[in-house]
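The values are calculated or read from the model by the stated rules, or taken from the named source; none is laboratory data. None of these values were measured; they are calculated from a predicted model. Cβ placement follows ideal geometry from the backbone for every residue including glycine, while neighbour counts extend to all protein chains displayed. Accessible surface is based on the protein model in full, side chains and every heavy atom, while ligands, DNA and RNA are left aside. Shrake-Rupley method; radii C 1.70, N 1.55, O 1.52, S 1.80 Å.
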Amino acid sequence: MRRVSAVIGAVATTSSRRLGLPAFLLALPRPVPPRQSRSAGSSGPLAARRGATLRAKMSLFGTTSGFGTGGTSMFGSTTTDNHNPMKDIEVTSSPDDSIGCLSFSPPTLPGNFLIAGSWANDVRCWEVQDSGQTIPKAQQMHTGPVLDVCWSDDGSKVFTASCDKTAKMWDLNSNQAIQIAQHDAPVKTIHWIKAPNYSCVMTGSWDRTLKFWDTRSSNPMMVLQLPERCYCADVIYPMAVVATAERGLIVYQLENQPSEFRRIESPLKHQHRCVAIFKDKQNKPTGFALGSIEGRVAIHYINPPNPAKDNFTFKCHRSNGTNTSAPQDIYAVNGIAFHPVHGTLATVGSDGRFSFWDKDARTKLKTSEQLDQPISACCFNHNGNIFAYASSYDWSKGHEFYNPQKKNYIFLRNAAEELKPRNKK
């Protein structure tokens with residue numbers, strides 16, 4: 001009999017470079033770091049290598065990579081523990097509680113900025129330089145855990161969803177955050193929609209509603225009822241997909257105004273955990289990947305030529321192999337992200353590993369070494385050069401395994417080469 005290690009509810013116990021950078025991002029106050037990361041500071045490895053960097057500026061995330069596909073990093077830990085077995089770059093001043101969401105800035109903003117939301121009720125922003133250095137820029141607070149974050153298309157605002165039943169808009173020009181949405185239960189998902197004839201914020205909640213907000217009004221533009229609590233969602237105009245409790249799955253079309261397009265029988269037999277839309281060769285949304293708590297991902301096309309052949313599921317984030325008689329540990333898929341250039345995808349799981357996949361060739365490209373705690377979230381930057389992933393407890397094994405002394409990490413990895421499909425030269 002298989003042992004499911006990660007029967008997770010969607011709820012957890014609460015406990016650029018400076019050159020050419022917009023002035024507002026240079027002016028943002030830095031948060032006071034509660035604990036300084038070992039990987040930051042002028043007295044660390046960077047200072048020791050200053051002579052080399054003066055001769056040739058290192059570019060870890062530029063078009064020419066300063067390190068190989070092995071992911072070695074001058075900021076990586078040199079200790080023998082396994083909190084960073086891939087020796088990736090540690091983001092400085094990481095949150096003090098579990099990290100539930102990550103999002104990189106859009107291509108309209110010069111440089112790269114990373115947003116993270118956590119169960120410490122805060123949202124943090126870092127500048128990620130091409131050298132690999134991360135600079136804390138600002139932070140904002142909710143009165144409950146932050147479950148989701150997203151950016152406006154112009155990069156001037158960040159939207160945040162929280163267990164405090166509200167969503168906020170963080171204006172980076174003024175460094176002020178204002179409430180823009182209200183639900184009757186925690187807000188699980190938030191997405192910015194930019195249509196030719198309207199712009200709005202879409203929020204999905206455990207109150208079984210999907211709401212659309214004009215940020216200038218306190219009342220929603222539209223409210224759509226969901227069959228169950230919203231667990232995860234994704235938006236790539238003109239398509240949205242929402243996955244709910246009890247394995248509900250709904251696709252929406254967003255042209256003219258949002259409306260339900262189709263209800264889909266779930267291809268997965270266990271609780272939905274994460275979803276990500278993928279595009280076709282014409283850069284149009286054409287389907288989605290759906291992950292569950294049972295170590296499995298479904299690839300589902302909206303209008304495939306041959307549904308029985310084109311739609312499929314695959315196992316992932318499991319231990320002890322698939323062809324042994326030993327009991328298999330099965331873990332939740334906590335996040336899915338598609339590479340913006342290659343169309344390949346990354347999954348992260350409660351087993352403390354990330355994996356890269358080619359859905360078209362139906363092959364695995366890479367699996368990481370095992371971290372000493374789950375990977376709770378992931379994302380790519382706008383050009384796919386950086387893969388960010390968060391290492392923190394996801395409550396998949398209950399409160400008995402929660403260690404408040406355990407540090408949370410966000411790691412950055414060069415993803416330019418490892419996500420390339422193998423059949424392309």
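Over region 83-200, give the accessible area per residue in Å² for a 1.4 Å probe, as an integer.
On the way: 3230 Å² over 118 residues.
Counting only protein heavy atoms, the per-residue value for region 83-200 is 27 Å².
Quick one: with all protein chains in place, what share of the accessible area of region 83-167 is carbon or sulfur, to the nearest percent (1.4 Å probe)? Provide the component values of the computation, followed by the final result.
Values: 860 of 1810 Å².
The computed percentage sits at 48.
Rolling a 1.4 angstrom probe over the protein chains, ignoring ligands and nucleic acids, what is the accessible area of H342 in square angstrom, nearest 10?
50 Å²
Could you derive backbone 3J(HN,Hα) for region 357-362 from the dihedral phi with the Karplus parameters 6.51, -1.76 and 1.60 (θ = phi - 60°), listing whole Hz in sequence and x where the residue is Gly or Pro?
3J(HN,Hα) across region 357-362, in whole Hz: 9, 10, 5, 6, 8, 6.
At 1.4 Å probe size, with every protein chain present, just tell me what the per residue accessible area of region 258-375 comes to in Å².
Values: 5120 Å² over 118 residues.
Here the residues of region 258-375 average 43 Å² of exposed surface.
Please say if region 172-258 is rounded, prolate or oblate, where rounded means a/c under 1.5 for a ≥ b ≥ c the square roots of the C-alpha gyration tensor eigenvalues, and otherwise the choice is prolate for a/b larger than b/c and oblate otherwise?
Details: a/c = 1.87, a/b = 1.27, b/c = 1.47.
Verdict is oblate for region 172-258.
Could you list the trypsin sites (Lys or Arg not before Pro) in region 335-393 that lie in coil according to DSSP, counting only those with at most 14 other Cβ atoms within 10 Å of their Cβ?
Details: sites: R353, K359, R362, K364, K366; in loops: R353, K359, R362.
Those that pass, being in a loop and sparsely packed, are R362.
Report, to the nearest whole %, how much of the accessible area of region 171-270 belongs to carbon and sulfur atoms, 1.4 Å probe, protein only.
Working: 1960 of 4560 Å².
About 43 percent, which is the carbon plus sulfur part of the accessible surface.
Looking at region 221-296, which trypsin sites (Lys or Arg not before Pro) are in a loop (DSSP not H, G, I, E or B) and have at most 12 other Cβ atoms within 10 Å? Spell out each step's value before the answer.
Details: sites: R229, R247, R262, R263, K269, R273, K279, K281, R296; in loops: R229, K269, K281.
The qualifying sites are K269, K281.
Please identify every one of the chymotrypsin sites (Phe, Trp or Tyr not before Pro) in region 119-166 that sits in a loop by DSSP and has no more than 15 other beta carbons within 10 Å of its own beta carbon. Walk me through the numbers before you get to the answer.
Values: sites: W119, W126, W151, F159; in loops: W119.
Loop-located and lightly packed - none at all.
Label region 185-311 by shape, choosing from rounded, prolate and oblate, from the square roots a ≥ b ≥ c of the eigenvalues of the Cα gyration tensor; if a/c is under 1.5 it is rounded, and otherwise prolate applies when a/b is larger than b/c, oblate when it is not.
oblate
List the residues, sorted by chain then number, that are 5 or more residues from T215 or on another chain and whose placed amide H is less than 5 Å from its amide H.
V201
Cross-link partners among lysines for K309, C-alpha distance below 18 Å, same-chain residues fewer than 8 apart left out?
Reachable lysines: K359.
For region 266-376, just say rounded, prolate or oblate: build the C-alpha gyration tensor, square-root its eigenvalues into a ≥ b ≥ c, call rounded for a/c under 1.5, and beyond that prolate if a/b exceeds b/c, oblate if not. Walk me through the numbers before you get to the answer.
Numbers: a/c = 1.90, a/b = 1.53, b/c = 1.24.
Prolate shape, in that a/c is at least 1.5 and a/b is the bigger ratio.
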